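These notes are about the structure you will find just below.
The values are calculated or read from the model by the stated rules, or taken from the named source; none is laboratory data. If you're wondering where the values come from, they're calculated on a predicted model, not measured in any experiment. When we count neighbours, we look across all protein chains shown, and the Cβ atoms used for this are built from the backbone with ideal geometry, even at glycine. For the accessible areas, the whole protein counts, side chains as well, though only heavy atoms, and no ligand, DNA or RNA atoms are used. Shrake-Rupley method; radii C 1.70, N 1.55, O 1.52, S 1.80 Å.
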Amino acid sequence: ALPISASSYPKIAFVSSRDGNSDIFKMDSDGTNVMNLTESDEIESFPQPFPNNSRILFLKNIWGTDGFGEEIFMMNDNGTNLIQLTQNGISHNVLPIISPDGSKIAYINRNGIHIIDVNSQSSNTILNDNDFENLDFSINGEKLVYTKHVSNDIYSIGTVNLNGGDPIELKSVPG
């Protein structure tokens, strides 16, 4: 089980298979009051509390006729109000991250880097490419920082505005 905890989050969100498959749990920081938040037959992973501690973002494997894909969900901190934010079929949505103010979610899939507005739940592609490896928001939340596989063992580090404008490659380095 991999625990995920924000310094201001009074609970610990984590993944455990104690009930038969990987579910999202939370507990107090002293290990008491363990609660299964998802209790589903699917595999959930990568829990992240929102900055205001009201919601948890996570990935869920969804099985379809063409195989499975990882979709992005959010729920209230108590496991209620489950909302599916992506519906990309067998495309693997990975590395979802929450902006510092909690208003946006960025993620990578086979088609590029995408941003979801949390309030409207609308999604926009900001960079098209299938070679992105890592992603994070800048400290002020105004840009995304990413790494991209360029060739063989070469990776580039870059930034892009949240609307997709002004992509800048900062450095190419051996992997």
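For H149 and S16, the FRET efficiency from 1/(1 + (r/R0)^6), where r spans their Cβ atoms and R0 equals 45 Å, is about 0.90. Apolar share of the accessible surface for segment 21-83: 48 percent from carbon plus sulfur atoms, 1.4 Å probe. Extending 7 Å from Cα along the Cβ direction at D101 and again at I157 yields two label points whose distance is 2.6 nm.
Annotation for segment 108-175 versus segment 11-32: alpha-carbon center distance of 30 Å. Accessible surface computed residue by residue for segment 128-175, with neighbouring protein chains in place and a 1.4 Å probe, gives 63 Å² per residue. Summing Lys and Arg as +1 and Asp and Glu as -1 over all other residues whose Cβ lies under 15 Å from the Cβ of N128 gives a net charge of 0. Using 0.36 nm per residue and subtracting the Cα-Cα separation, the extra length available between S122 and S45 on full extension is 25.5 nm. Annotation note: GluC sites (Glu not before Pro) in segment 52-144 located in DSSP loop regions with a Cβ neighbour count of at most 15 within 10 Å are E142. Amide H to amide H distances under 5 Å link K104 with S99, V118, where only residues 5 or more positions off or on other chains count and H is placed in the peptide plane. Relative to the current alpha-carbon distance between D131 and N111, full extension at 0.36 nm per residue lengthens the span by 6.3 nm.
The order of T125, T159 by accessible area, most exposed first and with a 1.4 Å probe, is T125, T159.
Near K143: Cβ cut-off under 12 Å, other residues only, Lys/Arg at +1 and Asp/Glu at -1. The net charge is -2. Annotated for the chain: lysine pairs at least 8 residues apart or interchain, Cα distance under 24 Å, count 10. Counting only other residues whose beta carbon sits under 12 Å from that of E71, what net charge do I get with K and R as +1, D and E as -1? With Lys, Arg at +1 and Asp, Glu at -1, the net is -2.
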